[in-house]
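Contents: one structure, followed by commentary.
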Amino acid sequence: MESLLPGSFPQLSSSLTSGGNYLGETKFKVGHSPREVQVHRCRARKILERQCVVRFQRHHRGCTVKKSTIYQENNAKFLVHAASGQPFESESGAYNPESTSKSVKNALDAFYRFSRPHTVIGTALSILSVSLLAIENLSDISPLFFTGVLEAVAAALMMNIYIVGLNQLTDIEIDKVNKPYLPLASGEYSISTGVMIVTTFSIMSFWLGWVVGSWPLFWALFISFVLGTAYSINLPLLRWKRFAFVAAVCILAVRAVIVQLAFYLHMQTHVYGRPPVFSRPLIFATAFMSFFSVVIALFKDIPDIEGDKIFGIRSFTVRLGQNRVFWTCISLLEIAYAVAILVGAASSYTWSKYITILGHGILASILWNRAKSVDLKSKASITSCYMFIWKLFYAEYLLIPLVR
């Protein structure tokens with residue numbers, strides 16, 4: 001409204017306040033009649049009114065154009081932000097629940113991939129299965145049992161994350177070729193973030209093992225730590241994954257021997273306070289998982305042959321070829337299933353005999369049919385089969401407690 005005041009038109013304002021003489025050519029001389037004076041004043045007033053209207057219209061058009069320009073700029077900004085999904089400047093500091101939820105989901109997904117979930121599931125299932133072998137009667141299934149299992153699983157999973165995380169830290173360039181979806185290879189995690197995670201989980205694992213006070217558990221963690229570090233870290237005389245046989249021995253020692261014996265002794269001696277007894281089911285589990293661990297150690301390198309060749313990892317797949325190693329793995333597992341069927345047939349427990357024979361027979365048949373459908377020229381097909389091998393690994397640990 002201030003633009004409509006007389007002060008907005010200085011010439012008009014001064015003319016009105018000075019009492020006339022606005023137009024230089026309009027002068028009143030002595031001798032003019034009163035009527036002539038009145039006519040001149042009317043003309044002057046009309047001229048002033050027209051100029052006032054013209055100036056007002058010009059001023060109004062200027063304001064309208066300016067406002068229109070500002071509106072168009074703001075409208076353009078609105079359209080840009082609406083299309084991009086970005087908040088306005090006034091909203092940039094505002095809380096956005098959807099953005100926060102998405103960030104949390106992305107962080108959890110990255111850690112999920114970093115932890116290599118198939119190994120986490122395998123570790124948890126194997127410890128639970130072996131712990132069941134220590135049960136002698138129903139009264140053993142007590143809060144004491146669940147506490148002992150929880151202690152072992154928690155400590156082992158933290159050590160598992162340390163081992164797979166260290167392997168990713170030392171294989172970033174290889175994983176950019178073989179596994180570009182992993183957080184370190186994709187750039188989602190920085191090296192410092194990876195180091196912080198593996199350091200934290202290794203310390204927590206040892207701390208829990210020490211607090212629990214179980215020597216079988218602590219030694220299982222320590223040996224796993226030493227072998228996992230020697231397998232991956234690039235130091236003189238270490239990085240054993242470069243040597244196919246030594247790499248296979250590392251995996252076999254952890255998955256077949258330490259998991260079966262150490263965690264069984266944790267339950268048998270620490271939780272129940274009984275003397276160690278190497279039962280028939282425990283011996284079967286150790287022997288069968290020795291076959292399975294060798295298969296996993298060999299099979300995991302089949303889809304990674306491209307990156308291993310580039311970076312000088314002399315795996316069995318690089319040396320012998322994908323086809324030969326693939327069918328060697330399938331044959332070893334089929335032999336293990338055949339032995340398991342014979343063990344079941346020799347059982348004195350009828351229920352165990354039928355479950356062992358039928359269960360391993362079905363798994364052997366499924367494996368053979370799946371193996372025949374694998375396209376060894378397709379990395380995706382080989383990787384899918386490798387994850388299927390892990391599912392067979394899980395299934396075996398469901399059967400082991402039933403072998404008698």
| query | Using alpha-carbon positions, what is the distance between the centroids of the range 158-187 and the range 94-152, in Å? | reply | 20
| Can you give the accessible area per residue of the range 115-275, in Å², using a 1.4 Å probe? | 44
| Where only protein heavy atoms count, and the probe is 1.4 Å, what is the accessible area per residue for the range 279-403 in Å²? | 45
| query | Which percent of the accessible area of the range 115-275 is formed by carbon and sulfur heavy atoms (probe 1.4 angstrom)? | reply | 76
| How would ASP301, ASP375 rank on accessible area, largest to smallest, probe 1.4 Å? | ASP375, ASP301
| Residue pairs, from the table LYS105/LYS391; LYS102/LYS391; LYS179/LYS377; LYS309/LYS391; LYS241/LYS309; LYS176/LYS241, whose Cα atoms sit over 24 Å apart | LYS105/LYS391; LYS102/LYS391; LYS309/LYS391
| task | Mind ranking THR123, THR383 by accessible surface for me, highest first, 1.4 Å probe? | result | THR383, THR123
| query | List the GluC sites (Glu not before Pro) in the range 132-222 that DSSP assigns to loop (not H, G, I, E or B) and whose Cβ has at most 12 other Cβ atoms within 10 Å. Which are they? | reply | GLU136
| the range 279-403: relative contact order as a whole-number percent, Cα under 8 Å and 6+ apart | 27
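The values are calculated or read from the model by the stated rules, or taken from the named source; none is laboratory data. Owing to the predicted nature of the structure, the values given are computational and were not obtained by experimental measurement. Heads up, the Cβs are rebuilt from the backbone with ideal geometry, glycines too, and the neighbour counts pull from every protein chain shown. Accessible surface is based on the protein model in full, side chains and every heavy atom, while ligands, DNA and RNA are left aside. Shrake-Rupley method; radii C 1.70, N 1.55, O 1.52, S 1.80 Å.
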